[in-house]
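Visitor: Attaching a single structure in structure tokens format; questions to follow.
Derivation of every value follows stated rules applied to the coordinates shown; laboratory data play no part. The model shown is predicted, which means the values in this text are computed figures rather than measured ones. Cβ atoms come from the backbone with ideal geometry, glycine included; neighbour counts cover every protein chain shown.
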Amino acid sequence: MVFKRLLGSLGVGGPTVDTVLDPAGAVPGGSLSGEVRLTGGRADFDIEHITLELVARVEAETDDGEHDGIVVFERLTVGGGFRLREGERRSVPFAVTLPWETPVTELHGQPLGIVLGVRTELGVAGAKDKGDLDALTVRPLPVQEAVLEALGRLGFSFKSADLAYGRITGTGRQLPFYQEIELAPAPRYAHQAKEIEVTFLAGPDGVEIVFEADKRGGGLLSGGHDALARHTVRHDQAGHTDWNTEVDSWIQSILISRADGKARGNDPYGHGDGALHKDEQGHHSGHGRSGPGMGTAIAAGAAGLAVGVVGGMLAAEVVDEVGDFFEGDEDDEE
């Protein structure tokens, strides 16, 4: 998705900027490549800097409800320090590294409803203009993909995904928001949990996987409550683990209550859940939020969670909504 924009701060006759991203996308912690294409205006201009801003649409809970806004979570300078002549065409290639905690936007080509973008800022003769905004596609890391596929094979189905503004204490997270992937429980767990949420927090050595179960009341789980547990997996474990068995053991452990009401963590790599909890601007994370346009569910098949349609809404319509966001939501920046 490419949007050409005249530099409004410079008026008619200013240079234009068109950023083109590698269509292959990127993975968390990986390289994002592309080029910034500049076209000179009706005069010469000094290009002081070309900066890419990574932005995300994030939900925040406050006392008066939920609100969406744009959060800038990284700024990367990729060029500058040259004069762009009148009418000159120039391309500035770049390769930058995404933060490890960058959210995942798709699984096997199916959009999850997470909205990320790359906004290009051009510094020209003391003025700055955010002149181009492009959708950013992020594929899962092997560990993330393996866990999601295992959940699909175990019978869990995708409900929605969103970005929540706030913190998960007890983790090593860096970004001011976290991604929640909300799943309907497999039939054999439907009597124990209304919903399972998964959050991935990747880093150079591995991925922290945080599970939250919205438990049903009755029996051993009378009254109902949320339980959180964390598991840490090294990147090199992705291809050498029986993920169905591993993930099923994690789900079983979080649904077994301790006497004090906390979930048992089952971490084969020695990381306990500690004081793990979610906090969103002072509030516990809510339930029932849905990713933009995601409806109720993506049917999960043997290949994992990314199969089918979204509550009767075709995945293409999700893409249309993402496009609408980039064309019309820029004034919501936080």
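Visitor: Please list, in chain and number order, the residues 5+ apart from SER160 or on another chain whose amide H is under 5 Å from its amide H, with Hs placed from the backbone.
Guide: Sorted by chain and number, the residues that satisfy this are GLU182.
Visitor: Rank-order 87-93, 53-59, 249-255 by packing density, defined as the average count of other C-beta atoms within 10 Å over each peptide's residues, highest first.
Guide: 53-59, 249-255, 87-93
Visitor: Quick one: 3J(HN,Hα) in Hz for the range 96-103, Karplus 6.51/-1.76/1.60 with θ = phi - 60°, rounded, Gly and Pro as x.
Guide: Rounded to whole hertz, the list is 10, 9, 6, x, 4, 8, 4, x.
Visitor: Can you put ASP46, ASP68 in order, fewest other beta carbons within 10 Å first?
Guide: ASP46, ASP68
Visitor: In sequence order, what are the phi-derived ³J(HN,Hα) couplings for the range 186-191 according to the Karplus relation 6.51 cos²θ - 1.76 cosθ + 1.60 with θ = phi - 60°, rounded to whole Hz, with x for glycine and proline?
Guide: So the Karplus estimates, Gly and Pro as x, are 4, x, 6, 10, 4, 7 Hz.
Visitor: Modelling each spin label as a point 7 Å along the Cα-to-Cβ direction, I'd like the LYS194/ALA24 distance in nm, to one decimal.
Guide: Roughly 4.4 nm, to one decimal.
Visitor: Related question: Quick one: check the C-alpha center-to-center distance for the range 55-94 versus the range 158-212, whole angstrom.
Guide: 26 Å
Visitor: May I pose another question? Multiply the residue separation of GLN252 and VAL72 by 0.36 nm, subtract the distance between their alpha-carbon atoms, and state the gained length in nm to one decimal. Working shown, then result.
Guide: Working: separation 180, 0.36 × 180 = 64.80 nm, distance 3.72 nm.
Difference between extended and current length: 61.1 nm.
Visitor: So for the pair HIS108, ASP44, with labels modelled 7 Å out along Cα→Cβ, what separation do we get in nm?
Guide: 5.7 nm
Visitor: Now for a separate question. If you rank HIS240, HIS49 by fewest surrounding Cβ atoms within 10 Å, what's the result?
Guide: Fewest-to-most ranking of HIS240, HIS49: HIS240, HIS49.
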